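Okay, structure first, notes after.
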Amino acid sequence: MKFIYLTIGFFAFVLGCAGIVLPVLPTTPFLLLAAVCFTRGSRRVNQWFRQTKVYKNHLEGFVKNREMEGKTKVVILTFASIFLLIAFFMMENVYGRTFILCLILLKYYYFTCRIKTVKKREKKGIIYHDDQQAIN
């Protein structure tokens, strides 16, 4: 089972890294999947992943403080909404459509009310978060 988690984790990690460069792929969901898989797959790989720049730049704030940049939230919400709306329009069942609409509303509630939005500003290699001291 560990091999499967590690395989999925590395695949998600590669897609997340590609998402950094390609605007079509979302970065954060793939990196979150990689983090979960690495945690279950191998302690050593998980420690390596948490020390990478990719993890520190894109996930550390969410994992530690449940916060995201506004841009990241918009990308995740847009990407997920597109796929949910495709499913909504392809489904003919009223109960299925109602479920998808409830899922969309829950998703927007969670991202707007439960995850803090922060603004990142870089100045001379130091990243400043709202309501926090400078972080190197």
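Between helix 70-90 and the chain there is an angle of about 20 degrees, using the helix long axis and the longest principal axis of the Cα atoms. For helix 94-109, report the angle its Cα long axis makes with the longest principal axis of the Cα atoms of the chain; keep it between 0 and 90° and round to the nearest 10°. Roughly 30 degrees, rounded to the nearest 10.
Out of all DSSP beta bridges with both ends in the chain, state the antiparallel percent to the nearest 5. Roughly 60 percent of the DSSP beta bridges within the chain come out antiparallel.
Here the chain is treated with +1 on each Lys and Arg Cβ and -1 on each Asp and Glu Cβ, and its dipole about the Cα centre works out to around 500 debye.
For P(r) over Cα pairs in 10 Å bins from 0, in percent, the value calculated from this model appears in (1) 11, 38, 35, 14, 1; (2) 14, 45, 29, 10, 2, 0; (3) 11, 33, 34, 18, 4, 0 under label (3). For the range 1-77, the alpha carbon positions stretch 35, 26, 19 Å along the principal axes, listed from largest to smallest. Within the range 37-71, find all residues whose amide N lies under 16 Å from a label point positioned 7 Å from the Cα of residue 3 along Cα-to-beta-carbon. Under 16 Å, as judged by backbone N against the label point of residue 3, lie 41-42 of the range 37-71.
Where a number appears in this text, it was derived from the coordinates with a stated rule and is not lab data. Keep in mind that what you see is a predicted model, and the values were worked out from it rather than measured. Note that each Cβ is placed from the backbone with ideal geometry, even for glycine, and that neighbours are counted across all protein chains shown.
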